[in-house]
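One structure is given below, encoded as structure tokens.
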Amino acid sequence: MSHTYDWVIREASLYDGTGAPPVIADIAIEGGRIAEVGAAGGTARASLDGRGLALSPGFIDVHTHDDFAAVLHPQMEFKLCGGVTTCVVGNCGMGAAPFAEASVMARAFHPHAVLPEWRGYAGYLAQLDAAPPAVNVGVLIGHGTARMAAMGQEVRAPEAKEMARMKAIITEGLEAGALGLSSGLIYDPGRFAGTDELVELASLMRGTGALYATHMRDESTGLLESVNEAIAIGERAGVPVQISHHKASGRSAWGLVRESLQLIERAQARGLGVHADQYPYTAGSTILSAVFRDGKFGGGIGELSAGDVVIASSAARPEWEGKTVVELALAMGCEPEAAATRILAEEPGATVVLHVMSEDDVRTVMRHRSTMIGSDGIPTLEGKPHPRLYGTFARVLGRYARDLGLFPLAEAIYRMTGFPAAKFALEGRGVVKPGAHADLVLFDPERIIDRGTFADPHRAPDGIVSVFVNGVKAVEQGRATGLRPGRALRRATARS
Ligand code: ZN
Ligand code: CU
């Protein structure tokens, strides 16, 4: 039988994304899909020598805020060169539609950008079809964005017609092929929603294959109540739950993750599909306005000292980037609270890096079988974003799996491929088998490591050799080829 494939990758250590130990195999690619696994008979138009390298499914970043970056920076090098082949956008309640409300968020991350206008989630996905990014993109519907469209910043429960408006926005997204609904319960206006509102809206996911993802109300000393709320929403609504960036934030909350993991285990034992994602760092990142309110630091992330808050992006005053609020207060000759007030007045969309977690907790969460990997990267490409934007996956593989031995490499890969693909219902992705989409990463397991630092974050990891997206080589010898083979991903069970 003679056959000509598009590509053959020969004799790499194949990690298939299921957690199984590696095997040496040839992989043949044809027409965007894996054609053969094992000994590939026949010839190939192009081939790669995989000897000494690991080959795995492309990494799936289930927690991103790349909704607008995928349109504005379709090369997506900051993800692609780190081995990511699929991004799930729309996390933390912040969605891509309706456009007017979504643009408010876009301006915080991309202050100088001009976006093409789209209508609804269908319009957003059609925009990606028309101008594809380098990586695949699946979307979550943002609860906060929907609430803002329905009732502005009202601090109360929705009236019937406001509820109907939110449901219409969410239903449009679901029918367009969204993977679920996300909430951001520390942000305005998501935090004004009560549990009942969230149950009613999450119920729209029931039976559709879509899930409910949540940035919980309190990740500090209120962590356990928050996990209980997330689980209750899933159980009452009858939908799977994804807890975003599982952590205990602030010194007085450290250690609580042992109990929050038990809450997850117990809910799983009762039959709820509840899991979490995590980024591999002891610092978080968000917008300053979410952690400095009414003249003081805190909110859902716990007691916070101004010395632990670093300005990550400020288009109005780039010279503030990389400095702590304490340093800026000294320079301004005022108290940290006064400095933060002034920073927000000049730059309402300022983003921050927060040094608030313990390394023990990071490892405890990462080791747990409920945890998959998601970067939560904030693509403020002009500032000093948290280095997780680039380095999340390489850091889990290099630092946590290889150097610290937290788990075998095969399991680390499973937590960024087969596991998230199953949870987010990404059909034919996250595993290497005949017929699957050819999203692949070839990397050097001895060398792979993140390189970005908080002072110098714009650095691709070391050790990523080649990346294929839908069978097209998008990274070669660590560099983007400039091709944009990504697709808008629609939920397989969506009506259309
Ligand atoms: Zn979040
Ligand atoms: Cu997020």
**Complete:** For region 125-143 the number of residues that are open to solvent by 10 Å² or more (accessible area, probe 1.4 Å) and touching a strand residue (DSSP E or B) at 6+ places or on another chain (Cβ under 7 Å) is 1
**Complete:** Taking region 195-223 and keeping residues away from ligand 1 (no atom under 15 Å from the Cβ) and open to solvent by 40 Å² or more (accessible area, probe 1.4 Å) leaves THR195, ASP196, GLU200, LEU204, ARG206, GLY207, GLY209, THR221
**Item:** Which numbered condition GLY398 misses (of (1) assigned to a helix (DSSP H, G or I); (2) within 18 Å of the chain's Cα centre (by Cα))
**Value:** (2)
**Request:** Using the structure shown, decide if ILE378 is touching a residue at least 12 places away in the same chain (Cβ under 8 Å), among the aliphatic types (A, V, I, L, M), crowded, with 21+ Cβ neighbours inside 10 Å and within 16 Å of ligand 2 (Cβ to nearest atom).
**Result:** yes
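Restricting attention to region 264-293, report how many residues are in a helix (DSSP H, G or I), more than 16 Å from ligand 2 (Cβ to nearest atom) and touching a strand residue (DSSP E or B) at 6+ places or on another chain (Cβ under 9 Å).
The total comes to 3.
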**Message:** Suppose the filter is assigned by TED's automatic domain parsing to the domain that holds ALA176 and either farther than 24 Å from ASP444 by Cβ or more than 16 Å from ligand 1 (Cβ to nearest atom) (or both); does LEU80 pass it?
**Reply:** yes
**Item:** Positions within region 176-194 being closer than 18 Å to GLY138 by Cβ and open to solvent by 10 Å² or more (accessible area, probe 1.4 Å), in sequence order
**Value:** ALA176
**Conditions (1) open to solvent by 30 Å² or more (accessible area, probe 1.4 Å); (2) out of contact with any Gly (no Cβ under 7 Å at 6 or more places or on another chain); number of the one not met by ALA157** = (2)
**Prompt:** If you scan region 354-409, which residues turn out to be under 16 Å from THR453 (Cβ atoms) and touching a Leu at 6+ places or on another chain (Cβ under 6 Å)?
**Reply:** GLY377
**Any hit, region 315-327, residues being away from ligand 1 (no atom under 16 Å from the Cβ), of a type in the set (Lys, Arg), in a helix (DSSP H, G or I) and without any contact (Cβ under 8 Å) to a residue 60 or more places away in the chain** = no
**Complete:** Exception for ARG217 within (1) assigned to a loop (DSSP other than H, G, I, E, B); (2) away from ligand 2 (no atom under 16 Å from the Cβ); (3) more than 16 Å from HIS368 (Cβ to Cβ) falls at (2)
**Prompt:** Do we find a residue being part of a loop (DSSP other than H, G, I, E, B), within 19 Å of GLN477 (Cα to Cα) and not acidic (Asp, Glu) anywhere in region 42-51?
**Reply:** yes
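Identify all residues within region 405-418 that are hydrophobic (A, V, I, L, M, F, W, C) and outside any loop (DSSP other than H, G, I, E, B); write none if there are none.
First, the residues of region 405-418 that are hydrophobic (A, V, I, L, M, F, W, C): 406-407, 409-410, 412-413, 416.
Scanning region 405-418 gives LEU409, ALA410, ALA412, ILE413.
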**Message:** Looking only at region 46-90, filter to residues that are within 16 Å of ligand 2 (Cβ to nearest atom) and touching a Leu at 6+ places or on another chain (Cβ under 6 Å); which one of those is nearest to TYR5 (Cα to Cα)?
**Reply:** PHE78
**Prompt:** Mind checking which residues of region 231-253 are closer than 21 Å to GLY298 by Cβ and either within 15 Å of ligand 1 (Cβ to nearest atom) or surrounded by fewer than 18 Cβ atoms within 10 Å (Cβ to Cβ) (or both)?
**Reply:** SER244, HIS245, HIS246, LYS247, ALA248, SER249, ARG251, SER252
**Fill in**
Selection from region 1-24 of residues within 25 Å of the chain's Cα centre (by Cα) and at positive phi yields GLY17, GLY19
**Complete:** In region 237-260, anything away from ligand 2 (no atom under 16 Å from the Cβ), out of contact with any Leu (no Cβ under 9 Å at 6 or more places or on another chain) and not in a loop (DSSP other than H, G, I, E, B) is listed as ARG251, SER252, ARG258
**Request:** Please enumerate the residues belonging to region 362-375 that are open to solvent by less than 10 Å² (accessible area, probe 1.4 Å) and away from ligand 2 (no atom under 15 Å from the Cβ).
**Result:** VAL362, VAL365, MET366, SER370, THR371
**Request:** Would you check if THR380 is touching a Phe, Trp or Tyr at 6+ places or on another chain (Cβ under 6 Å) and at pLDDT below 95?
**Result:** yes
**Prompt:** Do the conditions hold for ASP444, that is, is it over 18 Å from the mean Cα position of the chain (by Cα) and among the charged types (D, E, K, R)?
**Reply:** yes
**Item:** Which numbered condition GLN262 misses (of (1) within 12 Å of ligand 1 (Cβ to nearest atom); (2) surrounded by fewer than 22 Cβ atoms within 10 Å (Cβ to Cβ))
**Value:** (1)
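Of everything in region 15-29, what is in contact (Cβ under 8 Å) with a residue 40 or more places away in the chain and open to solvent by less than 10 Å² (accessible area, probe 1.4 Å)? Give them in sequence order.
Those that are in contact (Cβ under 8 Å) with a residue 40 or more places away in the chain and open to solvent by less than 10 Å² (accessible area, probe 1.4 Å): GLY17, ILE27, ILE29.
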**Message:** Let me confirm something: among ARG236, ARG217, which residue is under 19 Å from GLN278 (Cβ atoms) and among the charged types (D, E, K, R)?
**Reply:** ARG217
**Item:** Flag for GLY207 being under 20 Å from the mean Cα position of the chain (by Cα) and assigned by TED's automatic domain parsing to the domain that holds MET94
**Value:** no
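The values are calculated or read from the model by the stated rules, or taken from the named source; none is laboratory data. Computed from a predicted structure; not experimentally measured. Cβ sites come from the backbone with ideal geometry, for glycine too, and all protein chains shown count toward neighbours. These area figures cover heavy atoms from the full protein model, side chains too; ligands, DNA and RNA do not enter into them. Shrake-Rupley method; radii C 1.70, N 1.55, O 1.52, S 1.80 Å.
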